[in-house]
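Worksheet: one structure, shown below.
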């Protein structure tokens, strides 16, 4: 483990210890006899990762279903949120926290002033362990605030452990305080809400790289960060398994990351783009996407494509596996590939 990673880990633990008590008892003074009117909401998820941003789309859909005319502001980090929520008209202002606050102190201070100046009906911290999320929720100006750990009694249910579901269950329990109704409907899926024109363009892009447009396409996203990435030899061995079985009946392609790295060593036709929505549109036109644990895996799910996620660590599997019906996950190590082909057969049948 590098010195930088160790320092960040120590910093994270220290900040969680300091901020863990923020928001305790925030809902004690609720008057359950008053009407709950939700017109303006702030969602706090100060994280720049593609996957973590996509995982809040079910929460936003849940809020919209409850209050169709709602205006939602997002307190985030990085530049990906405006792209993901481009087709969500209810998302109003996206407040971006600088990635390097100590180098942009003025911008950093202005961001915090923005969330203080505006009055909200409800503020939601998506990740209960996020120090910045808890601080921004506490700092905001709102009648009601959810810090993410108000209703822990329900966390014994395994299905509520997924990061896409957790904040929705918290929100539903909050709504239940007012109307007494337990919402048992299925949690919304991840959804980037592609337009028809985007989907049509995605089909055109796919047809440019496949050999037979009459055949369905299986796509592979082979890259991941750090220890989540399988090496070239692993993918080469896997290629020798899937290619003979599927190359006759399906188009097989590889979707490349922004780094333009092919773990399959460019054995398959490739699609490369830096445009997240363009990639999602192409994924939408594929039959199945097989992806290592990554933001691109969640992007495939949000494109409403059947997705198989490859995980090395069971501890992350329950919380970050491809969320929703029609998707699957396989726990595979650096040396084993058991189960991937069988899951492919299930989703393709």
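Regarding residue 183, is this residue closer than 30 Å to residue 315 by Cβ and free of Cβ contacts under 8 Å to residues at least 12 places away in the same chain? So residue 183 passes the test. Each residue in the stretch 211-236 was checked for being over 27 Å from the mean Cα position of the chain (by Cα), surrounded by 13 or more Cβ atoms within 10 Å (Cβ to Cβ) and farther than 20 Å from residue 284 by Cβ, and 1 of them qualify. Considering (1) without any contact (Cβ under 8 Å) to a residue 24 or more places away in the chain; (2) crowded, with 24+ Cβ neighbours inside 10 Å, the lone condition that residue 330 does not fulfil carries the number (2). Of the numbered criteria (1) assigned to a helix (DSSP H, G or I); (2) more than 22 Å from residue 143 (Cβ to Cβ), the one residue 64 fails is (2). Elements of the type helices (runs of 4 or more DSSP H) sitting completely within the stretch 203-302 and holding at least 3 residues that are farther than 23 Å from residue 331 by Cβ and touching a residue at least 40 places away in the same chain (Cβ under 8 Å): these cover 276-284.
Every condition in (1) under 22 Å from residue 298 (Cβ atoms); (2) at pLDDT 95 or above is met by residue 68 except one, and the failing one is (1). One residue stands out among those in the stretch 310-327 that are outside any loop (DSSP other than H, G, I, E, B) and over 20 Å from residue 56 (Cα atoms): the one that is modelled with the lowest pLDDT, which is 315.
Report whether or not residue 251 is over 18 Å from the mean Cα position of the chain (by Cα), closer than 24 Å to residue 232 by Cα and crowded, with 22+ Cβ neighbours inside 10 Å. It is true that residue 251 is over 18 Å from the mean Cα position of the chain (by Cα), closer than 24 Å to residue 232 by Cα and crowded, with 22+ Cβ neighbours inside 10 Å.
Exactly one residue among 192, 181, 187 is at pLDDT below 95 and surrounded by 19 or more Cβ atoms within 10 Å (Cβ to Cβ), and that residue is 187.
The values are calculated or read from the model by the stated rules, or taken from the named source; none is laboratory data. If you're wondering where the values come from, they're calculated on a predicted model, not measured in any experiment. Neighbour counts run over all protein chains shown; Cβ positions are idealised from the backbone, glycine included.
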